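Notes follow once the structure below has been shown.
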């Protein structure tokens with residue numbers, strides 16, 4: 001008997017004997033990923049959903065103003081190249097961090113790149129109000145669209161490093177991101193639920209901060225929480241960790257501008 | 001904080017005479033308490049909104065004093081009775097000459 005046919009028959013027999021339901025094996029595993037939006041109180045959810053209550057909308061409006069403002073030596077605005085409404089930016093935020101000219105770039109980094117080369121204006125510092133406003137404005141254009149970060153031959157190495165950072169124990173408390181946000185997600189730390197840590201709503205208006213903040217600010221928060229040396233704002237490590245988190249949340253809809261407690 | 005900032009009002013455009021209407025007024029403001037210090041030990045001066053008022057056809061129907069304990073971008077939700085068609089004027093005034101004004105129309109058939 002042909003070996004192939006033999007193998008097939010054995011396999012078929014196994015399926016029958018073990019009662020393996022092949023349709024179940026083919027079905028994609030149920031997505032258990034969850035945005036931390038669903039862990040919030042109804043009041044906080046309403047704050048995010050209602051455009052008249054969401055304070056992040058102030059940053060969106062500021063961002064639109066900056067978008068149209070001519071600046072730099074070249075005296076051009078973002079709108080000069082990318083259109084007045086910003087609608088052309090739909091889907092852009094879902095692809096970042098992204099390899100641009102051989103370097104992994106976050107959305108904030110790309111905005112600064114545009115500023116320094118396209119407008120010849122000085123780069124904005126991380127957590128600067130204007131940078132947050134522009135980032136929020138651009139990211140909001142992708143609201144509701146699925147996160148589209150994929151593994152590519154170009155970003156493979158960065159993605160691996162990001163994954164490594166996620167699993168690496170750090171700080172005096174010697175904890176990794178994964179120990180809380182993967183292994184213990186849904187359990188409690190102090191009084192609050194541990195979220196799965198999907199960056200679906202950044203930049204966020206965090207009520208604790210009383211202002212908008214970037215994903216990197218949030219990541220530095222956790223790093224100081226475990227008494228680790230924080231990654232620098234705008235560093236390559238940060239971008240790699242961001243990349244891994246966005247890849248981990250791929251397919252989940254972007255909520256920007258989000259509100260978190 | 002600049003001398004003025006963005007504000008937002010949410011309230012019904014129309015209401016029956018005598019009905020209780022809910023008004024939401026949000027304002028963009030850092031509400032710097034005056035109790036914080038910079039990294040080099042300098043005190044950051046207080047910069048908060050001190051007073052919020054709402055006038056309904058020229059008559060004051062709501063007033064609130066603000067203190068340093070109130071968070072950034074304060075949202076005030078209050079109610080009033082729809083008595084007549086007209087204009088509601090909302091004013092926020094604060095430290096360092098800060099002032100913001102917004103208004104909304106209501107029709108009471």
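Pick out which of A:173, A:64, A:243 has the largest mean-square fluctuation in a Gaussian network model of chain A, springs linking Cα atoms closer than 10 Å.
Between A:173, A:64, A:243, it is A:173 that shows the largest mean-square fluctuation.
Provide the packing ranking of B:33-43, A:153-163, A:50-60, i.e. peptides ordered by the mean count of other C-beta atoms within 10 Å per residue, highest first.
A:50-60, A:153-163, B:33-43
Summarise the partner chain shielding of A:55-64 as one whole number: the mean count of Cβ atoms from other chains within 10 Å of each residue's Cβ.
For this peptide, the per-residue mean of nearby foreign Cβ atoms is 3.
Average partner chain C-beta neighbours within 10 Å, per residue of B:72-78?
So the per-residue partner count for this stretch is 3.
For a quick check: sort B:10, A:140, A:135 by the number of other beta carbons within 10 angstrom, fewest at the front.
B:10, A:140, A:135
Counting other C-beta atoms within 10 Å, which of A:198, B:29 has the fewest, and how do the rest follow?
A:198, B:29
Just want the ordering: B:78, A:137, B:52, from fewest to most Cβ atoms lying within 10 Å of their own Cβ.
Fewest-to-most ranking of B:78, A:137, B:52: B:78, B:52, A:137.
For the pair residue B:96 and residue A:65, what calculated FRET efficiency results from E = 1/(1 + (r/R0)^6), where r is the Cβ-Cβ distance and R0 = 22 Å, to the nearest 0.05?
Calculated value: 0.50.
For residue A:90 and residue A:73 in one chain, what is 0.36 nm times their gap in residues minus the Cα-Cα distance, to one decimal in nm?
Length gained, residue A:90 through residue A:73: 3.3 nm.
If I fit a long axis through the Cα atoms of helix A:156-167 and take the longest principal axis of the Cα atoms of chain A, what angle between them do I get, 0 to 90°, rounded to 10?
For helix A:156-167, the angle is close to 90 degrees.
Can you report the principal axis dimensions of the protein assembly as shown using only the alpha carbons, biggest first, rounded to whole angstrom?
Each principal axis gives a Cα extent; for the protein assembly as shown these are 98, 53, 46 Å.
Can you tell me the 0 to 90 degree angle between the C-alpha axis of helix A:236-248 and the longest principal axis of chain A, rounded to 10?
Tilt relative to chain A: about 50 degrees.
Less than 14 Å from a label point 7 Å out along the Cα-to-Cβ axis of residue A:167: which backbone N atoms in region A:182-221 qualify, by residue?
Within reach of a label on residue A:167, which here means backbone N under 14 Å from a point 7 Å along Cα→Cβ, region A:182-221 contributes A:182-183.
Counting each DSSP H run of 4 or more residues in chain A as -39500 (n - 2.57), what helix-only mean residue ellipticity at 222 nm follows after dividing by all residues, to the nearest 500 deg cm²/dmol?
Theoretical 222 nm ellipticity from helices: -12000 deg cm²/dmol.
Where both partners of a DSSP beta bridge lie in the protein assembly as shown, what percent of those bridges are antiparallel, to the nearest 5?
If I count the DSSP bridges inside the protein assembly as shown, around 90 percent turn out antiparallel.
Quick one: compute a quarter of the convex hull surface over the Cα atoms of chain B and quote it in nm².
Mean orientational projected area (chain B, Cα hull): 6.7 nm².
In degrees from 0 to 90, rounded to the nearest 10, what is the angle of the helix A:3-18 Cα long axis to the longest principal axis of chain A?
90 degrees
Computed from the coordinates by the stated procedures, all read-outs in this text should not be read as laboratory data. It should be emphasised that the depicted structure is a prediction, and the values quoted were computed from it without experimental measurement. Because the Cβ atoms are built from the backbone with ideal geometry, glycine has one as well, and the counts that use them run over all protein chains shown.
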